[in-house]
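Right, one structure below, let's go through it.
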Amino acid sequence: MAFDGDPLTLYNSLTHDGGWVGMDFGKPVKINKISYTPRGDGNDITPGDMHELLYWNNKWISMGKQKATDIKLTYDHVPAGTLYWVRNLSRGTNERIFSYENGTLVWW
């Protein structure tokens, strides 16, 4: 699963004293780039996934849904001083609300 292209799967060694993952290309090859993705839960802003931003005003109010084209989302005219909730509608279920306090993101 280390090379299946799905960031939600992972390699688990069958031994407790360490394991390794390798690739056999069958011949010498030149490698120009290696990408490493840390283990996650699918709640990231993921290009190609649908996301929704909500804010709290006595109920959750949607700022709209967006298909991410990058690892960040941009919303205009978002109310300040409230709680927020970003949902990945394509995958993931470990969602948390947050706020911004003095320019810092605070998880609740």
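The values are calculated or read from the model by the stated rules, or taken from the named source; none is laboratory data. Since the structure is predicted, the reported quantities are computational estimates derived from the model, not experimental observations. Counting neighbours? That spans all protein chains shown, and the Cβs are built from the backbone with ideal geometry, glycine included.
Take Lys59 and tell me if it is over 20 Å from Glu95 (Cβ atoms) and basic (Lys, Arg). Criteria not met by Lys59.
None of Arg96, Arg39 is in contact with a Phe, Trp or Tyr (Cβ under 8 Å, 6 or more places away or on another chain), modelled with pLDDT under 90 and surrounded by fewer than 16 Cβ atoms within 10 Å (Cβ to Cβ) except Arg96. In the condition set (1) at pLDDT below 80; (2) on the phi < 0 side of the Ramachandran plot; (3) exposed (fewer than 11 other Cβ atoms within 10 Å of the Cβ), Gly18 is compliant with all but (2).
Criterion applied to Ile34, Ile45 was being closer than 18 Å to Arg87 by Cβ, β-branched (Val, Ile, Thr) and either under 26 Å from the mean Cα position of the chain (by Cα) or loosely packed, with under 10 Cβ neighbours inside 10 Å (or both), and the one residue passing it is Ile45.
In summary, strands (runs of 3 or more DSSP E) completely within the range 36-108 and bearing 2 or more residues that are among the small types (Gly, Ala, Ser) occur at 60-67.
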